[in-house]
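Working notes, structure below.
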Amino acid sequence: MPRQVVSSSLDAMSVGRVQRAETGQTQTGQPQTGQTQTGQTQPAVGSGAVRRQIPGTELRVHPLALGCNAFGWTATGEASHAILDAHRNLGGNFLDTADSFAAGRSEVIIGSWLRSRGARAETVLATKIGRNLDNPGLTQRSIVAAVEASLVRLGTDYLDLLYFHFDDKTVALEESLVAVDALVRAGKVRYLGASNFSAERLMEARVLSGLGLPKFVAVETPYNLVHRAELEQDVAVVARAQHLALMPGFALAHGFLAGAFRTKADAAGTARGQLAAVYLNRRSLRVLAVVDRIAAAQQAAPASIALAWLLARPDVVAPVAGAGRADQVPSLVAAAGIRLGRNDLLDLDRVSAF
């Protein structure tokens with residue numbers, strides 16, 4: 001399917017979702033709670049009732065997955081605990097990490113927080129494996145060893161959602177799925193997801209699941225207003241056909257869509273700024289200008305608007321976005337309570353079209 005057709009069809013479905021939301025209905029037809037200043041029905045931000053179900057699972061998650069890649073990297077243990085507290089206090093329950101984040105330090109920090117707060121049962125915990133230097137790749141041995149190591153670091157005996165962090169093409173996908181099958185049967189992994197997988201490999205995995213092997217229930221792929229093509233050209237089509245939950249990674253483009261980096265001077269001198277510097281171009285700055293305009297009209301933070309756009313996209317369950325400080329968390333969680341109007345969505349779709 002030509003990419004312009006795919007993009008346009010996804011944009012149309014996005015507007016349709018907002019039209020349903022403006023009638024006070026969720027995707028499942030359940031009434032939402034809370035009211036905006038304009039009287040529209042909205043989910044109550046910070047309420048435990050703000051949840052979306054990952055299709056094909058029993059997992060009900062807040063519509064913002066807190067990315068934990070900064071933990072142990074740019075955020076200290078103390079700062080990370082404050083971020084996790086803020087997220088939980090605002091109704092968040094979905095954490096996204098990886099065994100390679102800060103060489104496993106992210107998982108250690110999360111584990112200590114879960115124990116100190118007694119929060120494991122209420123938390124939906126997702127981690128990714130395959131890139132830790134101690135257990136690289138997706139061989140059976142690496143998968144089993146990586147999961148066992150993550151369980152120790154996280155201080156838990158099960159993972160709610162295990163992602164393959166990347167597609168290891170040196171290993172037969174069947175071998176990787178057989179390893180996960182054993183972990184699922186042992187009660188150590190509940191569900192499986194794919195991160196950075198192509199559409200072709202997702203289709204191969206679905207064929208293998210028909211033979212009784214674990215199936216993917218979620219896909220995490222970089223996706224945001226300044227990075228649309230990779231997902232929309234093919235992955236989104238396959239995900240929709242397979243009823244997979246989309247979890248957009250790098251949802252704020254390393255902080256660019258939060259307005260944190262607008263010039264080369266802003267991006268200089270910080271690790272995250274160096275990653276965001278790639279977006280300091282005319283096209284991306286035009287996108288940010290539209291985000292800024294809508295944010296001003298909504299009296300919201302730019303980050304909230306960028307995430308709200310993602311939440312209006314077809315099949316998106318929870319964008320993944322992180323924070324470096326606790327005071328950045330409210331603007332992330334607030335996206336769950338924002339419904340962009342038809343004109344705002346069309347403006348964002350047009351300015352970000354690829």
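The values are calculated or read from the model by the stated rules, or taken from the named source; none is laboratory data. None of the values given here were measured: they were computed from a predicted structure. Counting neighbours? That spans all protein chains shown, and the Cβs are built from the backbone with ideal geometry, glycine included. Accessible surface is based on the protein model in full, side chains and every heavy atom, while ligands, DNA and RNA are left aside. Shrake-Rupley method; radii C 1.70, N 1.55, O 1.52, S 1.80 Å.
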A chain fully extended from Asp157 to Arg282 at 0.36 nm per residue, minus the present Cα-Cα distance, gains in nm 40.2 nm
Answer in debye to the nearest 20: the dipole magnitude of the chain about its Cα centre, from +1 Lys/Arg and -1 Asp/Glu charges placed on Cβ, is 540
Checked the stretch 105-254 against the a/c 1.5 cut and the a/b vs b/c comparison, axes a ≥ b ≥ c from its Cα gyration tensor; verdict oblate
Amide H neighbours of Leu159 at under 5 Å, excluding residues fewer than 5 places away on the same chain, with H built from the backbone geometry, are Val189, Arg190
Output row, site Leu211, 7 Å Cα→C-beta label point, backbone N cut-off 15 Å, window the stretch 142-180, residues 171-180
With R₀ set to 25 angstrom, the calculated FRET efficiency between the beta-carbons of Arg185 and Gln53, to the nearest 0.05, is 0.60
Between the alpha carbon centres of the stretch 274-331 and the stretch 193-222 the gap in Å comes to 28
If the chain between Lys169 and Lys264 were fully extended at 0.36 nm per residue, the gain over the current Cα-Cα distance would be 30.5 nm
Taking only protein heavy atoms and a 1.4 Å probe, the highest-to-lowest accessible-area order of Arg190, Arg141, Arg185 is Arg185, Arg141, Arg190
Carbon/sulfur accessible area of the chain, % of total, 1.4 Å probe, equals 53
With only helices counted (DSSP H, runs n ≥ 4, each -39500 (n - 2.57)), the per-residue ellipticity at 222 nm for the chain, to the nearest 500, works out to -12500 deg cm²/dmol
For Thr263 the rounded accessible area (nearest 10 Å², probe 1.4 Å, non-protein molecules ignored) is 70
Pseudo-spin-label distance Arg342 to Arg293, built 7 Å along Cα→Cβ, given in nm, is 1.9
The Cα extents of the chain along the principal axes, largest first and rounded to whole Å, are 52, 47, 42
